[in-house]
Amino acid sequence: MTTESSDDDPTGNVLRRLSDAAEHVSGICFKTGPPRRVGAELEWTTHRAGLPTAHLRVTDLSRALGPYTPANLGNAAPRALPGGGTVTLEPGGQLEISSAPADSLAALYAAVTVDQEFVADLLATGGLVLGDRGLDPYRPPVRILDTPRYAAMQHAFDRTGSVAGRTMMCSTAGLQVCLDAGTAARLPQRWAAVHDLGPPLLAAFANSSGHAGGDTGWASGRMATWLGIDARRSGEVPLTADPTDAWTRYVLEAPVLCVRRNGHWDTPDGVTFAEWIGGALPRPPTVDDLDYHISTLFPPVRPRGYLEVRYLDAQPGTEWIAPVAVLCALLADDTVIDKARDLAGPAAGRWQEAARHGLADPATGACAADLIDLACRHLDRTGLPGPVRDLVTGIADRRLHAGALRKDQYR
């Protein structure tokens, strides 16, 4: 990569050409090889026990978490959780456990179960509890974390006149699944598969119809908020024969959300990263700026070397294992992937319909039922012990049954 040094960046990481930025993005987005590892990032809204409508303070969370308080709350040396995960906090006080990568789904389930129970116990000492929905059903969005990044994000979203951005920042809780990208030969199919599976799995595990004491009118109000912000930041990456090229274009054509500097990090509205390279902002961007820009993009599936699946709502209690196991079973091998893509085909791209109507959307609901049946027939491929596979099947059957009832009402 060709770089030039400047007074702004003595390390020599300044980007002067689009081709250099594209080279960097293409070099980090997909790390290929046989798929083996799996990880998860579990978010929850946090509440005062017995008074879930009360907004929390940062000190409420930091006191309860103690040495496990994350760095963005001022802890210089946050301690890892017993299962190997780490804690972070989102702008509205949502708590996230990021697992360590696991060599099997069974190992992931064991580690996250330990960490989830440990964090719940920590919060209980402060009279706090984890929520069980993908969108805060009790409170309107209020930002409690005051950082330059979050201040710039809120400013950028608020100037659009929509509440979706602030709601996304402060009220949503998702379940993210992290999967190896797979071999270079099969990367396009695996990348396409996790997108094709999105609307049916979103619908099957939608869990966020209420917000701030009201009904959103959406099965997944959480996804509705993501669909309500700039599609250049949160929309699906176009599916093409070359995922690397598609992602590179997405990154360069996305608006810059913030520029790190002393004071405010706000940027002019609508300036893309490509335009920043072209001189649209006072100083040229660096490679570090490009990496940071990527961290402000939130498509349903984001490449981070691995595949970060972002379209699932948070699940109640330990039920997170059900959508994760279904997804992993559907990616068990090339034959299952191809079959799953065929079954998901009629619902491909139906993000709006899946988010609004859930399984009551006829095309999406039918695909979800077929995919869950396929997944349950391959749960043994996940390595989960029998009782956990039975738990997954029971949760999936219950979701499909509830979806069938909603479909009758939808008719």
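Given charges of +1 on the Cβ of Lys and Arg and -1 on the Cβ of Asp and Glu, with all other atoms neutral, how large is the dipole of the stretch 285-383 about its Cα centre, in debye to the nearest 20?
It comes to approximately 140 debye.
Could you check how many percent of all C-alpha pairs in the stretch 236-306 are farther apart than 16 Å?
48
Please sort by residue number the trypsin sites (Lys or Arg not before Pro) in the stretch 59-137 whose DSSP state is loop and whose Cβ has at most 13 other Cβ atoms within 10 Å.
Of the trypsin sites (Lys or Arg not before Pro), the ones in loops of the stretch 59-137 whose Cβ has at most 13 other Cβ atoms within 10 Å are Arg79.
Throw me the Rg/Rh for the stretch 70-192, computed over C-alpha atoms with Kirkwood Rh, two decimals.
Using Cα coordinates only, the ratio equals 1.02.
Suppose we look only past 17 Å in the calculated P(r) of the stretch 315-405. What percent of the Cα-Cα pairs does that tail hold?
49
Report the residue, chosen from Thr225, Thr32, Thr364, that carries the largest GNM mean-square fluctuation when the chain is represented by alpha-carbon nodes joined by springs under 10 Å.
Taking springs between Cα atoms under 10 Å, the residue moving most is Thr32.
Can you compute the radius of gyration and Dmax for the chain, using only the Cα atoms, both in Å?
According to the Cα coordinates of the chain, Rg and Dmax are 21.0, 65 Å.
What FRET efficiency would be calculated for the residue pair Glu275, Asp242, taking the C-beta separation as r and a Förster radius of 22 Å, to the nearest 0.05?
Efficiency, rounded to the nearest 0.05: 0.40.
Suppose only helical runs count, i.e. DSSP H with n ≥ 4. What mean residue ellipticity at 222 nm does that imply for the chain under -39500 (n - 2.57) per run, divided by all residues and rounded to the nearest 500 deg cm²/dmol?
After summing the helix terms and dividing by residue count, I get -13000 deg cm²/dmol.
Which trypsin sites (Lys or Arg not before Pro) from the stretch 213-316 combine a DSSP loop assignment with at most 13 other Cβ atoms within 10 Å? Don't jump to the answer; show the numbers that get you there.
Values: sites: Arg222, Arg232, Arg233, Arg249, Arg260, Arg261, Arg304, Arg310; in loops: Arg260, Arg261, Arg304.
For trypsin sites (Lys or Arg not before Pro) across the stretch 213-316 that sit outside H, G, I, E and B with at most 13 neighbouring Cβ atoms in 10 Å, the list reads Arg260, Arg261.
No lab work stands behind these numbers, since they all come straight from the coordinates. Computed from a predicted model, the values in this text were never measured in an experiment. Backbone-built Cβ (ideal geometry, glycine too); neighbour counts: all protein chains shown.
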